[in-house]
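Novice: For reference, the structure I am asking about is given below.
Quick note: the coordinates plus some simple rules give every number you see, no bench work behind them. From a predicted model like this one, the values you see are computed outputs, not experimental measurements. Backbone-built Cβ (ideal geometry, glycine too); neighbour counts: all protein chains shown.
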Amino acid sequence: MGCATQGEKAAIIKNLREEGFQLKHLLKAFHMAKSTYYFEISKKDVVAERNQEILEEIKVFLNLTSVGMVLDVFIRELINRGYIVNHKRVQRLMHEAGLLGKRPKEKYHSYKGEVGKIADNIIDRNFSTTAPLQKWTTDVSQFNFTWGKCYLSPVLDMNTNEIISYDLSKSPNLEQIERMLNKAFDKFPSVEGLIFHSDQGWQYQHALYRNTLQEHGIIQSMSRKGNCYDNCIMETFFGRLKNEMYYGYEKDFSSYEEFAKAIDEYIDYYNNKRIQAKTKWMPPVQYRIASMCSA
C-alpha cells in the first residue's frame, strides 16, 4: 500500500467504512491522519460534483445540436463558462454516462422571422445576480408522444433557479404565454426594473407580450438569433427535467392529462425539494425565502 496516493488510500478507507469497519482502526492501518482523510474525501466530492455539472451541460447540448460536428465549439463554450475541460474529459464523461453516439431530439423552434419587435440582448450572457427577482428567463420546450405533442412554457428566476410559473399546452400559442405571465404576476405583482430574457420567438415579439412586460416596468431582453447559449440557463432546466422524468419514460404517459399531472408533480418537487449547488444546497423556494429575509 506504500505506492498508493493519499487520495487512493482515502477512497479505500471510505469504501471499508461503508462495509462497517471503524474509522479509527482504518486510519491507523493506513497510517493516515483524520484531517488528511477528510481533506482527500472532500476533494473527491468536489471533483464528482463538478463532473456532474459538466455532464448536465453536455446532456443539454446533446438536445440542441449535433455533437460530432461541433464538439470543439462546445468545449470552447464550456471553457468560456469557467469549466476546466478538454476533449478527453468530455469524451470520458459521455462514455461513462452512455451518451456517445446519441442523436439530438426534435426541438421546438419558435422563431418565424421578424413578426414583431426584436428587443436588445440586455443580458448578453451575464446571468449573474445578487438577489431574487432581478432577472427572469423563459422559453418553450416540446414533448413528443404517440398520442401527440405538448409544449411547456416556464418562467425561471436566474438567481434561485426557481420556476416562478409555467403552462403546459397542446399548442404553443399566445394564450399559453398569457396564462404563464398572469400566473407569474399573480405570484409577484411588483417586479419593476426586472430584466426578462427570451429568444426571438414570435410569442416574445408579439405586442401582447411586450405590452404586458412594459405595464409591470420590466426590461425586455432577447438572445441573438439562433444562439442557444444566450439562454443556456433555461436550456439547462429543460435538459434536467427531460433527463429526470421524460427521456425513457415516454410510454409511461398514455394521455395529455397523465403527463400534465407528472409535470405538476415534478416542478413542485424541483422548486421545493430538489437541492442544488448554486442555491447553497437548498431547494429554490427555500433559497429565495432565505435570501429575501436576510436582505
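Novice: Given Asn272, Cys293, Ile163, which one lies farthest toward the positive end of the charge dipole of region 135-294, if we put +1 on the Cβ of every Lys and Arg and -1 on the Cβ of every Asp and Glu?
Specialist: Cys293
Novice: Could you please report the charge total around Glu257, scoring K, R as +1 and D, E as -1 over all other residues with beta-carbon less than 12 angstrom from its beta-carbon?
Specialist: Details: positive: Lys170, Lys261; negative: Glu258, Asp264.
Around Glu257, the surrounding residues sum to 0.
Novice: Per 0.36 nm of contour for each residue apart, how much would the distance between Thr36 and Thr5 grow if the chain were fully extended, relative to their Cα-Cα spacing?
Specialist: Working: separation 31, 0.36 × 31 = 11.16 nm, distance 1.17 nm.
Net length gain for the segment: 10.0 nm.
Novice: At 0.36 nm per residue, minus the direct Cα-Cα distance, what do Lys149 and Arg125 gain on full extension? Give it in nm, one decimal, please.
Specialist: Values: separation 24, 0.36 × 24 = 8.64 nm, distance 3.05 nm.
Result: 5.6 nm gained on full extension.
Novice: Tell me, in nm to one decimal, what length is gained between Glu250 and Asn15 on full extension, where the rule is 0.36 nm per residue of separation less the Cα-Cα distance? Please report the intermediate quantities before stating the final value.
Specialist: Numbers: separation 235, 0.36 × 235 = 84.60 nm, distance 3.66 nm.
Between Glu250 and Asn15, full extension yields 80.9 nm more.
Novice: Can you compute the radius of gyration and Dmax for region 135-294, using only the Cα atoms, both in Å?
Specialist: According to the Cα coordinates of region 135-294, Rg and Dmax are 15.6, 48 Å.
Novice: So what are region 177-262's ellipsoid semi-axes, whole angstrom, largest first, if each one is the square root of 5 times an eigenvalue of the alpha-carbon gyration tensor?
Specialist: Values: eigenvalues 159, 62, 29 Å².
Whole-Å semi-axes of the equivalent ellipsoid: 28, 18, 12.
Novice: Just grab the label-to-label distance for Gln134 and Lys28, each label 7 Å out from Cα along the Cβ direction, in nm (one decimal).
Specialist: Result for the modelled spin labels: 5.3 nm.
Novice: Of Lys187/Lys273; Lys14/Lys59; Lys14/Lys273; Lys135/Lys280, which ones are farther than 21 Å apart at the Cα? It would help to have the intermediate numbers written out before the result.
Specialist: Working: Lys187/Lys273 19 Å; Lys14/Lys59 30 Å; Lys14/Lys273 28 Å; Lys135/Lys280 19 Å.
Result: Lys14/Lys59; Lys14/Lys273 exceed 21 Å.
Novice: Cut-off under 18 Å on the C-alpha distance; same-chain residues fewer than 8 positions from Lys28 excluded. Which aspartates and glutamates are left, in chain and number order?
Specialist: Within the straight-line cut-off, Lys28 pairs with Glu8, Glu18, Glu19, Glu40.
Novice: Using a Förster distance of 35 Å, how high is the FRET efficiency between Glu192 and Glu96, based on the Cβ-Cβ distance and rounded to 0.05? Walk me through the numbers before you get to the answer.
Specialist: Details: r = 47 Å, r/R0 = 1.34.
Between Glu192 and Glu96 the formula returns 0.15.
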